[in-house]
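Step one of this worksheet: look at the structure below.
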Amino acid sequence: MKVIEYDRYGGPEVIELRERSEPQPAAGEVLVRIHAAALNPKDALVRAGKFKLLSGADFPKRMGYDFAGVVAALGAGVTGLEVGQGVYGMINSWKAGAFAQYAAVPQDELAALPQGLDYAQAAAIPLSAQTALQALRDLGGVGPGAEVLIHGASGGVGTLAVQIAKALGARVSALCGAHSAELVRGLGADQVYDYRQTPPSQVPGRYEVFFDVFGNQSFAAIKPLLAARGRYITTVPNARNIRDHLLSRLSPLKQARLVIVRSRRADLEQLSAWVAQGRLRPLIAARLPLAETARAHAMIQGKNTHGKIVLDIP
């Protein structure tokens, strides 16, 4: 099978397309014939060696977490899926492996393909949408009437976070560049601010959740914007955010939270339900062939894409 691997940490130039044997599903795993896989900032950060303590020093390494495809085989004990069925999901393991023609994936990390989506659209959902869902619903307690501010609303996570916050019943304010304002309003944002004109710490109002998707703010800077029991939630696991996450848990009031996404079939099924209801749609910034993975990595490092970059896998 065709698969993307690399033999050392570094820039996009370390990426290589290779031929390897197909994996076999172990008990509880599903062998997926992958037709599309999506990039996330995590892919570039892991490749660059930013998470060496978690990704390890063994090489070659594989890439990719988001995927969509067809069930090719079932390991012992797998239930609720059948060979030939369309599926999508996210690989939780740091070993990755979605940038390949086949991957063996634990059954709880995938679900049936959302109704009405093709493989590329489905692959654009799992990591980003589950990050937003678990941040807003699980860490932020977002529900009907909540005031939510999303910083970085036009990117892969942000465009889905706006829609998910609305699906949860929140009133959504968004921060993005002026050129993205119309797009973000079209996704359901009630109020949109240009971060160049209105810095995040100066946005008017009080919020139950400030979701820092872009990851360049701090709990200390955003704390005045939070309601009495508000939550600052970030996706960036740097030392400051980990410290704030741990220390603020001692407070009964305003807190900082760090979202660590996990793929769960139940969450994927919730996202699929919103897709079927017309409440959630992925945005694809670009589609490239698997052989151009290095180019896709260079694009995602630019941080200027609206939505997701997807690889088509032959």
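The values are calculated or read from the model by the stated rules, or taken from the named source; none is laboratory data. Every value quoted in this text rests on a predicted model; they were computed, and no experiment measured them. Positions of Cβ are generated from backbone atoms using ideal geometry, with glycine treated the same way; all protein chains shown enter the neighbour counts.
Only one residue in Ser248, Ser263 is at pLDDT below 95, in contact with a helix residue (DSSP H, G or I) (Cβ under 8 Å, 6 or more places away or on another chain) and among the small types (Gly, Ala, Ser). Which one?
Only one candidate passes the filter, namely Ser248.
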From the list Ala123, Ala174, Ala146, pick out the single residue that is under 30 Å from Phe59 (Cα atoms) and either at pLDDT 95 or above or out of contact with any Phe, Trp or Tyr (no Cβ under 8 Å at 6 or more places or on another chain) (or both).
Ala123
Pairs under 6 Å by beta carbon, first residue touching a residue at least 60 places away in the same chain (Cβ under 8 Å) and β-branched (Val, Ile, Thr) in the stretch 22-50, partner buried (at least 24 other Cβ atoms within 10 Å of the Cβ) and assigned to a loop (DSSP other than H, G, I, E, B), six or more apart or different chains?
Ile34/Ile313
Somewhere in the stretch 300-310, is a residue crowded, with 17+ Cβ neighbours inside 10 Å, in contact (Cβ under 8 Å) with a residue 12 or more places away in the chain and touching a Lys or Arg at 6+ places or on another chain (Cβ under 6 Å)?
yes
Do the conditions hold for Ala296, that is, is it in the same structural domain as Tyr102 (by TED's automatic domain parsing), closer than 29 Å to Ser93 by Cβ and not in a strand (DSSP E or B)?
yes
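Of all strands (runs of 3 or more DSSP E) completely enclosed by the stretch 2-101, which ones contain at least 3 residues that are in the same structural domain as Arg295 (by TED's automatic domain parsing) and out of contact with any Lys or Arg (no Cβ under 7 Å at 6 or more places or on another chain)?
Fully inside the stretch 2-101 and qualifying: 29-38, 66-74, 86-90.
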Does at least one position in the stretch 210-229 carry a residue that is closer than 30 Å to Ala286 by Cβ, hydroxyl-bearing (Ser, Thr, Tyr) and touching a residue at least 24 places away in the same chain (Cβ under 8 Å)?
no
Given (1) more than 21 Å from the chain's Cα centre (by Cα); (2) within 21 Å of Ala266 (Cα to Cα); (3) not hydrophobic (A, V, I, L, M, F, W, C), Lys2 misses just (2)
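Of all the residues that make up the stretch 221-239, how many are more than 23 Å from Val162 (Cα to Cα) and either in contact with a helix residue (DSSP H, G or I) (Cβ under 8 Å, 6 or more places away or on another chain) or in a loop (DSSP other than H, G, I, E, B) (or both)?
1
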